[in-house]
Amino acid sequence: GSKSVSSLPSVVSSAYINIAPMMFYSYTIAILAILISVLMFHRKKSPKRPNGQQPVAKPHPLASVPSEQLPGYIQRFLAELPSCIILQSNVAAFQQAVDYSWAQQNREIIPACIVRPGDATQLGKAVAILKQEHDRRYQAGAKAGDKSFFAVRSGGVNPGLGAATVQDGTAVDLTLFCDVTPALDGSTVTVGTGAKWIDVYKSLDEKGLVVMGGRNSPVGVGGLALQGGISFYSPRYGFVCSNVVSYEIVLANGNITTASTSENPELWRALKGGSNNFGIVTRFTIRSMPSAPLWTAGIITLAAFQQAKSLKAYHEYLEHASSGQPGAFDENAPGPILSFVYIQKLGF
């Protein structure tokens, strides 16, 4: 890795280094050349759109259903939150909202409607409607293990199939909760759950501040901050959730409350790694501090047959870093992450 000083960790450039035997490297280049040739061939054969027009979104099954024939709880959304609901009949806006999910497999999961509240009050009303529908279904014989009819999305980057979306149900979209408000003394910053970390960093960089947040720019605030979260500063300050001072949260009954050490302290503790099991968090108040020099590193990509060596080297590093020897650990350097990626063969 190379030493780089930056107050904007998310946009620090990384070096991508491939380490593999020469034969493996040659085969990789040959395969890439073949793939590029095939793609270019298909591109030439595909019909061109006039004037660079984008493909027209196709309507989904409920697009032609009259509003009075939609499920009862969706009709309540229309009556009580008309400015917040996006129906399939609004083809372009609906498709744009569906495509906000980062993973393609989640873009193919189509909800019946999308609710996009603009503030905590509107979100509270939406949650109350969902709670009433939940109770109605259980009274009608639904069981605890039945499939959920709603999902909540903040950043939408989770690649897990079905993460933050739901087929034929209601997707609660929190992208409008994207405010970034530093305290006057610079000790904390209040961040909307739907913000992307890159936008948080850019906003704080103008003021010479940093905050414990994600290490990948498109990641959203809500999912990472509720599930733990590893930041560039974790060696010094711990998990992202450990630095959350308070939460604004909408509970299951639709009420809005605050969780902190002085107000609902048990809920405050539960939200530190408790994910979305206790309500919908709308805003996080997180400790911030003046920006400082930071060691940054690159990404090393190894061939699959070197996975055992990679794991062994990682264990040796951890043992050395925790040895207490002088220079073995630098709290100004982001901790390493060892990832194993398995790609399934599809039709080849």
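Just so you know, all these numbers are worked out from the coordinates, no wet-lab data involved. Since this is a predicted model, take the numbers as computed values, not measurements. Cβ coordinates were reconstructed from backbone atoms using ideal geometry, including for glycine residues, and neighbour counts include every protein chain displayed.
Each of Tyr247, Tyr138 was scored by other Cβ atoms within 10 Å of its Cβ. Arranged with the fewest first, they read Tyr138, Tyr247. Obtain the nm distance between the two label points defined at Asn276 and Tyr237 by a simple spin-label model: each point lies 7 Å from its Cα along the Cα-to-C-beta direction. Roughly 2.6 nm, to one decimal.
Could you tell me whether region 61-173 comes out rounded, prolate or oblate from its Cα gyration tensor? Rule is a ≥ b ≥ c as square roots of the eigenvalues, rounded for a/c under 1.5, then prolate if a/b exceeds b/c, otherwise oblate.
rounded
Structure shown: which of Lys202/Lys272; Lys309/Lys345; Lys125/Lys147; Lys125/Lys272; Lys196/Lys312; Lys143/Lys196 lie over 28 Å apart, alpha-carbon to alpha-carbon? Too far apart for the 28 Å limit: Lys196/Lys312; Lys143/Lys196. Applying 1/(1 + (r/R0)^6) with R0 = 35 Å to the Cβ-Cβ distance of Ala144 and Gln105 gives a FRET efficiency near 0.85. The phi-based Karplus calculation (6.51 cos²θ - 1.76 cosθ + 1.60; θ = phi - 60°) puts the 3J(HN,Hα) values of region 257-272 at 9, 10, 10, 8, 5, 9, 9, 6, x, 5, 5, 4, 5, 5, 6, 7 Hz, whole numbers, x for Gly and Pro. Extending 7 Å from Cα along the Cβ direction at Gln75 and again at Asn216 yields two label points whose distance is 4.3 nm. Hey, how many Å between the Cα centroid of region 112-132 and the Cα centroid of region 239-267? If you average the Cα positions of each part, the centres end up 19 Å apart. Near Ala183, the amide H atoms lying under 5 Å from its own belong to Thr188, Val189, Thr190; only residues 5 or more places off or on other chains count, and H is placed 1.01 Å from N.
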